[in-house]
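Chemist: Pasting a structure here, questions to come.
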Amino acid sequence: MKRLFATTLSFFLVSSAVAQSDLPFDVQPVTSFDEPWAVAFLPDGRMLVTERKGNLLIVNQAGQKTRPIGGMPDVDYGGQGGLGDVAVHPDFAENGIVYLSYAEGGTAGTRGAAVVRAVLNETQGRGNLSDAEVIWRQYPKVVGRGHFGHRLLFDDDGYLWISSGDRQKFTPAQDMQSNIGKILRLNDDGSIPEDNPFVNYRDQDPFVDDEGVFGQIWSLGHRNPLGIAIDADGQLWNIEMGPAGGDELNRVVRGGNYGYPVVSNGDHYDGREIPDHDTRPEFLQPAAWWTPVISPGNLIAYSGDLFSDWRGDLFAAGLSSQSIVRIETNGEDAREAERFAMGARIRSVVQGPAGALWVLEDERETSRGRLLKLTPKD
Ligand SMILES: [Ca+2]
């Protein structure tokens, strides 16, 4: 038995080595970071990179980094929490505004994701944030250090999208008094767009509490949505970590309910079953799902010219699957088309200004937190 296991293990090691050399792109290591989480391009072609312990750095495409940017918020580092995503305002070239998501400590050991909006200033190579304002918070704050979600995305109309994880509390994902386990749509200053689907929710339920977070909600019933992306047709997609099994890619529609924790194609980690999606047709089904899981880190819709065959496809970073997953869609359904074995936990994949794919490894165990640039093989 032991011998069989050893043989099987070496088979996998060999096959993954073969897969690496078979990758259809060149992988160029650029630099590395301390527990990196997110990368976003500035209009000048440099990148903002977040490190989970709380640092934000600017790095150029040659891998030269600035010193950590000053004026950062206090982040609550630990578990899955810390500094999270970074997004650049659509009018950054004029206003210099950036957005950061992070885990924020509350009273009595509670925590919640927050989003700060601030102006990025650079003088003599030194970066600093000013005019910082927290424009969004998870409500309520709860104990625990998991499932913050907190990916950020701007759409072409200038709305800010936030994916808000369920904080491992399950039922709040269906609770309209809470903004956790939801996908949210806000104006760039954090205010609620008048045409959001649930702005008048109090008419349906007069007992909903007057914090009024229901107005932020675009869709509900999400577990830990770690990737949100908008495709060339303007369709929003989200990818989320499932429980034991059942990672989901959802085609996100206005007011949609994706059923967590009532349904999932996975089951609870303690062995309790969760009814599968097909048992409850009132909830929207995932467009694609994975068991065994891929453990998605983020999601993009590729629109570049460099990998022209892949234009219009979605790409997911894979953590436990140590991969990048290419997903084809027809606008309604989706399927995994290809999986690239990267030999490290992949936290994030983004598209650069010239269409290259830029990839952040996670930093854990043998994964080294590197920034990689992927370009087509000649
Ligand atoms: Ca199930």
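Chemist: Going by the structure shown, is Gly215 over 17 Å from Arg335 (Cα atoms), in a loop (DSSP other than H, G, I, E, B), out of contact with any Ser or Thr (no Cβ under 7 Å at 6 or more places or on another chain) and open to solvent by less than 10 Å² (accessible area, probe 1.4 Å)?
Modeler: Against the criterion (over 17 Å from Arg335 (Cα atoms), in a loop (DSSP other than H, G, I, E, B), out of contact with any Ser or Thr (no Cβ under 7 Å at 6 or more places or on another chain) and open to solvent by less than 10 Å² (accessible area, probe 1.4 Å)), Gly215 does not qualify.
Chemist: So, one more: Looking only at the range 171-206, count every residue that is among the basic types (Lys, Arg) and open to solvent by less than 10 Å² (accessible area, probe 1.4 Å) and tell me the total.
Modeler: Total satisfying the criteria: 1.
Chemist: Being open to solvent by 80 Å² or more (accessible area, probe 1.4 Å) and within 10 Å of Gly259 (Cβ to Cβ) is the filter here; which residues of the range 270-280 pass it?
Modeler: Scanning the range 270-280 gives a single hit, Arg280.
Chemist: Among (1) more than 22 Å from Gly255 (Cβ to Cβ); (2) open to solvent by 30 Å² or more (accessible area, probe 1.4 Å), which single condition is Asp156 missing?
Modeler: (1)
Chemist: Does Gln138 qualify as being over 22 Å from Gly297 (Cβ atoms), among the polar types (S, T, N, Q), without any contact (Cβ under 8 Å) to a residue 60 or more places away in the chain and out of contact with any Phe, Trp or Tyr (no Cβ under 7 Å at 6 or more places or on another chain)?
Modeler: no
Chemist: Let me ask something else. Of all residues in the range 15-31, which are open to solvent by less than 50 Å² (accessible area, probe 1.4 Å), among the hydrophobic types (A, V, I, L, M, F, W, C) and at pLDDT 85 or above?
Modeler: Leu23, Phe25, Val30
Chemist: Taking interchain pairs and intrachain pairs at least six residues apart, which have beta carbon atoms under 7 angstrom, with the first residue in the range 333-356 and among the acidic types (Asp, Glu) and the second not in a strand (DSSP E or B)?
Modeler: Asp333/Ala287
Chemist: Right, another one. Checking Asp210 against (1) crowded, with 22+ Cβ neighbours inside 10 Å; (2) charged (D, E, K, R); (3) away from the ligand (no atom under 16 Å from the Cβ): exactly one of these is not met. Which one?
Modeler: Among (1) crowded, with 22+ Cβ neighbours inside 10 Å; (2) charged (D, E, K, R); (3) away from the ligand (no atom under 16 Å from the Cβ), Asp210 violates only (1).
Chemist: What do you reckon, is Gly318 closer than 20 Å to Trp37 by Cα, surrounded by 15 or more Cβ atoms within 10 Å (Cβ to Cβ), of a type outside the set (S, T, N, Q) and without any contact (Cβ under 8 Å) to a residue 40 or more places away in the chain?
Modeler: Considered against the rule, which asks whether it is closer than 20 Å to Trp37 by Cα, surrounded by 15 or more Cβ atoms within 10 Å (Cβ to Cβ), of a type outside the set (S, T, N, Q) and without any contact (Cβ under 8 Å) to a residue 40 or more places away in the chain, Gly318 comes out as yes.
Chemist: Moving on. So, of the residues in the range 230-287 that are within 15 Å of the ligand (Cβ to nearest atom) and of a type in the set (Lys, Arg), which turns out to be nearest to Glu194 (Cα to Cα)?
Modeler: Here the answer is Arg280.
Chemist: Here's something else I'd like to know. Given the condition in contact with a strand residue (DSSP E or B) (Cβ under 7 Å, 6 or more places away or on another chain), more than 29 Å from Trp37 (Cα to Cα) and either in a strand (DSSP E or B) or at pLDDT 95 or above (or both), answer yes or no: does some residue in the range 197-206 qualify?
Modeler: Yes, that holds for at least one residue.
Chemist: For the range 35-87, which positions are in contact (Cβ under 8 Å) with a residue 40 or more places away in the chain, open to solvent by 30 Å² or more (accessible area, probe 1.4 Å) and of a type in the set (A, V, I, L, M)?
Modeler: If the condition is that a residue be in contact (Cβ under 8 Å) with a residue 40 or more places away in the chain, open to solvent by 30 Å² or more (accessible area, probe 1.4 Å) and of a type in the set (A, V, I, L, M), then Met72 is the only one that fits.
The values are calculated or read from the model by the stated rules, or taken from the named source; none is laboratory data. Bear in mind that the values here come from a model prediction, so they are computed numbers and not experimental data. Glycine gets a Cβ as well: all are built from the backbone with ideal geometry, and neighbour counts include every protein chain shown. In case anyone asks, the SASA skips ligands and DNA or RNA and just uses the protein heavy atoms, side chains included. Shrake-Rupley method; radii C 1.70, N 1.55, O 1.52, S 1.80 Å.
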